[in-house]
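The numbers here are math on the coordinates, done by the rules we state, and not lab data. Remember, predicted model here, so these are calculated numbers, not experimental data. All Cβ positions, even for glycine, are placed from backbone atoms using ideal geometry, and neighbour counts span all protein chains on display.
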Amino acid sequence: MKLDIKQQFLDGILYKNPVFIQLLGLCSMLAITTSVSNAIGMGVAATVVLICSNLLISLLRKFIPKQVRIAAYVVIISAFVTAVELLIKAYLPALDRSLGVFIPLIVVNCMILARAEAFASKNGPVASVIDGVAQGIGYTMALLIISAVREVLGFGTIAGIQLFGESFKPMGIAISPPGGFIILGCLIALVNKLMHTIEDKKNKKGEDK
Amino acid sequence: MFVDILVLMLSAVLIENFIFSRFLGCCPFLGVSEKPDTALGMGCAVIFVMTLASAACNLVYNFILVPFNLEYLYTIAFILVIAALVQFIEMFLRKAVPSLYNALGIYLPLITTNCAVLGAVIINMQKYSDMAKGQSFVFSVLFGFFAAVGFTLAIVIFAGVRARVEYADPPKVFKGMPIALVTAGLIAMAFSGFSGASIG
């Protein structure tokens, strides 16, 4: 099978972005995007797990019986999550405290299971690792965008750096749970708008030809 | 003891509602909430599984993981217990209570990867593992049950509102998921009113 690395990256980051287009992994995303540093931590942790699990699952794809594949995937994923969790506990205790229960919950992040089922179980190890990297970058970028909006509105800071003067009144709702839902809804609408514009342009080009 | 249980019930169902304040279980919440009937079916399945999973995981943690110093393996242990439990419940219902199986059937496999269930048992472990074994068991089961009730309440309310929103005419880019998320945000705002009522 021919590798199409560019297409895979475009898919992961833009056309099939796990968060904005496929709407996967929303739970952890809504919960931890209150600050940019949390978003980076979560994005990197999930990406590492995704790459490792994609690699192992695609290597084992011929040996896992079809009936128990979901259970097998879950065990593989949870092994990597445990490793990542122990590493974070050891080296980044502050991140561990702020992400809390959502680190072990990477196990049931639908994004990772969806990639295992939709991609890694059907493709070779190299393509699967690339897919993991691309989707992971797409996920991390989506987290970054949402958390940047929420942090700027909610705290007036970005990655902890003060952006505005003393007179800035933070918008508390942006970092509260209702604000999370509403801001995500608006951002998805914005991405939809963007996609419509891109499609319209493509169609127009087709007509000109 | 009675007051403790009342506090636990109110905070699990309303104040710290799983969906609206902890963001656990958002995927099924957005996925199967198009009709109130299916939402209720999903909610019942979650109540059933979460209560049993809380009991099972509490026992596994206290009587297997702790004695052998394997606490750090809790993620793998819990997800396996949940997956096995869901499979077992499915087989049991198909044999013993076919009517319930037909009603819940399609939702059961989905629950294995519902983060609300794993989230509930992990929160149970963090909150109640220091207590005496009997007490921690009782509180874990109650927390699992009431948190699932809160989940059901949220998903049924949301499905009702969403059925009405279907007939509204939002801007084209907001159609579907974006308007559903904004709706969820507005309901969450109503629920955040409970957080002012601090008890316990």
Top of A:GLY136, A:GLY124, A:GLY165 by mean-square fluctuation, Gaussian network on chain A, Cα under 10 Å: A:GLY165
Cut-off 12 Å (backbone N to label point 7 Å along Cα→Cβ of A:ILE158), residues of the range A:36-79: A:36
Cleavage-rule hits (chymotrypsin sites (Phe, Trp or Tyr not before Pro)) in the range A:1-95: DSSP loop, at most 11 neighbouring Cβ within 10 angstrom: A:PHE63
Qualifying lysines (Cα of each under 17 Å from Cα of A:LYS66; at least 8 residues distant if same chain): A:LYS122
Peptide B:24-33 - average C-beta neighbours from other chains (10 Å radius): 4
Sequence of A:ILE146, B:ILE89 once ranked by neighbouring C-beta atoms within 10 Å, starting from the fewest: B:ILE89, A:ILE146
Averaged over A:74-86, number of beta-carbon atoms from partner chains that fall within 10 Å: 3
Additional length obtainable on full extension of the chain from B:CYS44 to B:TYR167, 0.36 nm per residue less Cα span: 41.6 nm
Kyte-Doolittle at least 0.0, axis length at least 30 Å by Cα - qualifying DSSP helices, chain A: A:36-59, A:69-91, A:125-155
The range B:3-70: chymotrypsin sites (Phe, Trp or Tyr not before Pro) in DSSP loop, at most 16 other beta carbons within 10 Å: B:PHE68
DSSP H segments from chain B that extend 20 Å or more along their own axis, Cα-based, with Kyte-Doolittle mean of 1.6 or above: B:74-96, B:177-192
Rel. contact order, % - alpha carbon contacts under 8 angstrom, at least six apart, chain B: 41 percent
Over the range B:16-190 - Rg/Rh using Cα atoms and the Kirkwood inverse-distance radius: 1.03
The protein assembly as shown: calculated mean residue ellipticity at 222 nm from DSSP helix runs of at least 4, using -39500 (n - 2.57): -22500 deg cm²/dmol
Residue order, fewest to most surrounding Cβ atoms within 10 angstrom, among A:LEU10, A:LEU50: A:LEU10, A:LEU50
Estimated dipole of the range A:40-193 in Debye, rounded to 20 [Cβ of Lys and Arg +1, of Asp and Glu -1, Cα centre]: 480 debye
Selected from A:ILE76, A:THR47, A:ILE88, residue furthest toward positive end of dipole (the range A:5-208; charges at beta carbon): A:ILE76
Loop trypsin sites (Lys or Arg not before Pro), the range A:85-172 (other Cβ atoms within 10 Å of the site Cβ: 15 or fewer; DSSP): A:LYS122
Reach of A:LYS202 by Cα under 17 Å, taken over lysines that are not fewer than 8 positions away in the same chain: A:LYS193
